[in-house]
Amino acid sequence: MGEDPCQHGHVARHWRELGPPNAPDTEIMQWASQNNAVVLTQDLDFTKLLFQSRAALPSVIQLRLDDARPKSIGEDVLLILIQHRESLQRGALITVKGHMSRLRLLPLSD
């Protein structure tokens with residue numbers, strides 16, 4: 001926890017610092033959209049919400065990893081934020097598996 005949450009121009013915050021821990025995913029998505037934030041999650045429900053809502057924002061980075069600790073994924077996530085900056089600003093879903101990622105622009109459709 002003692003690490004600087006602002007690195008390389010990006011600020012990372014855990015939801016518990018921003019809202020109630022029992023907030024529904026829809027509330028987290030709404031907050032992220034209103035605050036131009038990207039949701040970084042292992043929860044597949046966020047992808048489901050993007051499909052259901054057909055929303056153009058917020059962008060979501062979906063981690064499909066066994067070890068999602070910041071020390072393990074930090075470099076890869078930073079690289080994704082840099083490489084896909086414009087897409088994330090417009091609205092994107094990026095799925096990360098290992099050192100590979102898949103980008104889909106929002107809104108999602110079948």
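Summary table
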item: Which listed residue, of Ala32, Ala56, is under 23 Å from Pro107 (Cα atoms), in a loop (DSSP other than H, G, I, E, B) and in contact (Cβ under 8 Å) with a residue 24 or more places away in the chain; result: Ala56
item: Single residue of the stretch 96-110 satisfying the filter (loosely packed, with under 12 Cβ neighbours inside 10 Å and among the charged types (D, E, K, R)) that is modelled with the highest pLDDT; result: Arg102
item: Among the candidates Leu93, Leu81, Leu65, residue that is modelled with pLDDT under 95 and either outside any loop (DSSP other than H, G, I, E, B) or crowded, with 18+ Cβ neighbours inside 10 Å (or both); result: Leu81
item: Total residues in the stretch 35-47, condition part of a helix (DSSP H, G or I) and out of contact with any helix residue (DSSP H, G or I) (no Cβ under 9 Å at 6 or more places or on another chain); result: 1
item: Hits in the stretch 68-78 - residues which are more than 21 Å from Asp25 (Cβ to Cβ) and not in a helix (DSSP H, G or I); result: Arg69
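The values are calculated or read from the model by the stated rules, or taken from the named source; none is laboratory data. What you are looking at is a predicted structure, and each value in this text was computed from that prediction instead of being measured. Glycine also receives a Cβ, built like all others from the backbone with ideal geometry; neighbour counts cover every protein chain displayed.
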